[in-house]
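The block underneath contains the structure these notes are about, expressed in structure tokens.
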Amino acid sequence: MKLKKWIFVLCSFLASFFLVACQSSSSSSQSTVEAIKQKGKLVVATSPDYAPFEFQALVDGKNQVVGADIDMAQAIADELGVKLEVSSMSFDNVLTSLQTGKADLAIAGISATEEREEVFDFSIPYYENKISFLIRKTDHEKYKDLDSLASANIAAQKGTVPESMVKEQLPKAQLTSLTNMGEAVNELQSGKVDAVHMDEPVALSYATKNADLAVATVSLTMKEGEENAVAIKKGNSDLKEVVDKVIQKLKDDGTYQTYLEKAAKLTEVEQKKITEAGTKVLASQLSLDYQARRSG
Ligand code: ARG
């Protein structure tokens, strides 16, 4: 009788222990997605200075953050059944916002490097990148090989892979690290720097929109496996599962590609200002020409 009692006590103790263990493990693995659903919104950190991935454009008369990464973020929010909240900041703050809990995801054309993988989890890759130099068109012949860039003044965005590549592979170059990509491109156009190092689609986008700029033929060596991916706080595996599922689909059916094409057609706010100013200059020139012809 005594033994039976002991077995009963032991069994019920084990059972309750098992129950508690199960409960706590299931609540911790579900917590992220559940918490997002409860909040009703997915907060995505980005640095909107990187067309076609993320940038600002006038949509329906309003200045909005748009781009292929933002469309992807929207698809993830849709899958979760919540609203998307885009939180804009400079690139060097994007990843840390995951640690401080200010954002659920970081999507900003982020290369999944080994170093970053130690601190953050990454989704499956969604875009395979190259990194290139944006230069002034007039320098196209000048910067054809790495020797010609060895002692050049090169700008890059703070905290990025293109920045560390310049540090490592062109140690004698003068590096100008800037928080904002647009600022770096302005420095290039005004002649303060000789080249800006950035992801190739972004360089191509600047070159297409600015007749004075071009993408150099020479490039530095990229490490393998550093494709663009979505960064997630370490251990949020249930959220990663949802993100991976969405990305796989967007890649398989070519939707991410259509997002990029759509982004290429949108005009950036800054660019629009330039175009407007350009149009005004052109218009005043035309009218001067007209007046000159009339009076002459
Ligand atoms: N791919 C580069 C990196 O991860 C640059 C990303 C910069 N992104 C941006 N939105 N400004 O370091």
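The values are calculated or read from the model by the stated rules, or taken from the named source; none is laboratory data. Predicted, not measured: the structure shown is a model, and the values here were computed from it. Cβ sites come from the backbone with ideal geometry, for glycine too, and all protein chains shown count toward neighbours. For accessibility, only protein heavy atoms count, side chains too; no ligands or nucleic acids. Shrake-Rupley method; radii C 1.70, N 1.55, O 1.52, S 1.80 Å.
Between E34 and E118, the contour length at 0.36 nm per residue exceeds the alpha carbon distance by 27.7 nm. Under 5 Å from the amide H of L213 lie the amide H atoms of K137, each residue being 5 or more positions distant or on a separate chain, with H modelled from the backbone and absent for Pro and chain starts. The phi-based Karplus calculation (6.51 cos²θ - 1.76 cosθ + 1.60; θ = phi - 60°) puts the 3J(HN,Hα) values of the range 126-138 at 10, 8, 8, 9, 10, 10, 9, 9, 9, 10, 7, 4, 5 Hz, whole numbers, x for Gly and Pro. Taking a Cβ cut-off of under 14 Å around A173, the surrounding Lys, Arg, Asp and Glu residues balance to a net charge of -3, with basic ones at +1 and acidic ones at -1. A cut-off of 5 Å between modelled amide H atoms, ignoring neighbours fewer than 5 places along the same chain, links I131 with E200. Other residues whose C-beta falls under 11 angstrom from the C-beta of L220 contribute a net charge of +2, scoring Lys and Arg +1 and Asp and Glu -1. Computed packing ranks the peptides 133-142, 69-78, 180-189 as 69-78, 180-189, 133-142, most packed first, by mean other Cβ atoms within 10 Å.
Taking a point 7 Å out from the Cα of S151 in the direction of its Cβ, the residues of the range 172-196 whose backbone N falls within less than 19 Å of it are 172-176, 192-195. The phi-based Karplus calculation (6.51 cos²θ - 1.76 cosθ + 1.60; θ = phi - 60°) puts the 3J(HN,Hα) values of the range 207-216 at 5, 5, 8, 10, 4, 8, 10, 8, 9, 5 Hz, whole numbers, x for Gly and Pro. Maximal additional length on extending the V59-Q99 stretch stands at 11.2 nm, based on 0.36 nm per residue less the C-alpha distance.
Expressed in Å, the radius of gyration and Dmax of the Cα atoms of the range 203-272 are 16.7, 47. The portion of the accessible surface of the range 68-128 made up by carbon and sulfur, rounded to a whole percent, is 41 (1.4 Å probe; DNA, RNA and ligands excluded).
Using a simple spin-label model with pseudo-atoms 7 Å out from Cα toward Cβ, K172 and K130 lie 2.7 nm apart.
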